[in-house]
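For reference, the structure is listed below as structure tokens.
The values are calculated or read from the model by the stated rules, or taken from the named source; none is laboratory data. Bear in mind that the values here come from a model prediction, so they are computed numbers and not experimental data. For neighbour counting, all protein chains shown are included, and Cβ atoms are generated from backbone atoms with ideal geometry for every residue, glycine included.
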Amino acid sequence: MSAKNMLGNFAKEFEEYVRPRCFPLAVKLLENEKDIPKDAIRPKKDLGVQLSLCQAYGMSRREGEVIAMLKEDMWCPEPIICYGLVEPPSYFLEGHMNFLEEEKARYVKNLAAAKNLANLIPRFEPGKYIGVVSSPTEKAKFNPDLIMVYCNPAQVTHLTVSAGYTTGNAITSTMGGGACARSVIPAMQTKQYQIAIPCGGDRRWGLAQDDELIFTIPAEKMDEIMEGLRATAGRYPVSFLMKPNHELPSMYMRTREILGLA
């Protein structure tokens with residue numbers, strides 16, 4: 001089966017079980033220009049503008065566009081540094097990008113905290129990638145490194161349960177600013193699911209909504225998450241009923257008996 005057909009089938013089934021508000025994104029880190037899809041928009045060349053990466057992801061997930069972002073296409077410097085498109089400058093590593101004394105603290109209390117923030121945010125090694133491409137999953141003509149979906153907390157709950165269906169493993173994520181870094185880089189480095197919070201820039205400029213979180217699925221986990229979604233179908237949307245002594249799975253009732261609970 002071709003990558004396009006495989007991704008189309010995945011997207012159709014995924015959307016049936018999860019019902020996301022926007023297109024789930026297929027994301028691929030680019031190692032050279034020949035990997036750029038022919039149908040991809042290059043913001044600088046094709047639109048005459050530069051975009052922050054969260055805006056490119058927003059256009060892909062809301063408007064269905066395929067967008068390739070190289071260094072020259074990017075407006076916000078954080079993904080340029082974190083995606084390894086350049087060597088991180090000392091200005092960044094020393095914390096100055098997140099703290100300027102005369103403007104008071106924007107994100108942190110002092111320069112020491114800003115330096116800690118800069119050195120803890122996930123980063124790829126410089127020089128490995130030249131950019132990134134995003135596309136609605138069903139439209140992608142490339143093999144993605146990961147699938148990224150913006151969804152509400154109830155959908156994240158369903159995805160988290162489904163992600164642990166075959167292994168029982170929990171998801172470990174590091175929360176903080178820089179959503180474009182935290183949603184993508186750890187997932188690729190660890191090959192594990194990630195949950196990230198849209199940052200201030202993603203909300204203001206990328207149009208992430210108040211009820212949205214980001215759930216990232218490494219390509220290696222696509223079959224696993226679908227097995228879990230099929231097995232736990234019916235968990236979303238959630239029907240509400242505030243009822244005491246409500247129904248529990250038989251295994252839970254047996255656990256109550258073991259605990260001596262009437």
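Computed values, structure above
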quantity: Single unsatisfied condition, Lys243 versus (1) among the basic types (Lys, Arg); (2) touching a helix residue (DSSP H, G or I) at 6+ places or on another chain (Cβ under 8 Å); (3) not in a helix (DSSP H, G or I); calculated: (2)
quantity: Residues of the stretch 170-204 that turn out to be farther than 15 Å from Ser52 by Cβ, of a type in the set (S, T, N, Q) and either surrounded by 20 or more Cβ atoms within 10 Å (Cβ to Cβ) or at pLDDT below 95 (or both), as a count; calculated: 4
quantity: Enumeration of residues in the stretch 1-53 that are surrounded by 15 or more Cβ atoms within 10 Å (Cβ to Cβ), in a helix (DSSP H, G or I), free of Cβ contacts under 8 Å to residues at least 60 places away in the same chain and among the charged types (D, E, K, R); calculated: Glu15, Lys44
quantity: Index of the failed condition, Thr232 passing every other in (1) surrounded by fewer than 18 Cβ atoms within 10 Å (Cβ to Cβ); (2) under 18 Å from Leu25 (Cα atoms); calculated: (2)
quantity: Whichever residue in the stretch 54-102 is among the acidic types (Asp, Glu) and closer than 25 Å to Leu207 by Cα and, among such residues, is surrounded by the fewest Cβ atoms within 10 Å (Cβ to Cβ); calculated: Glu63
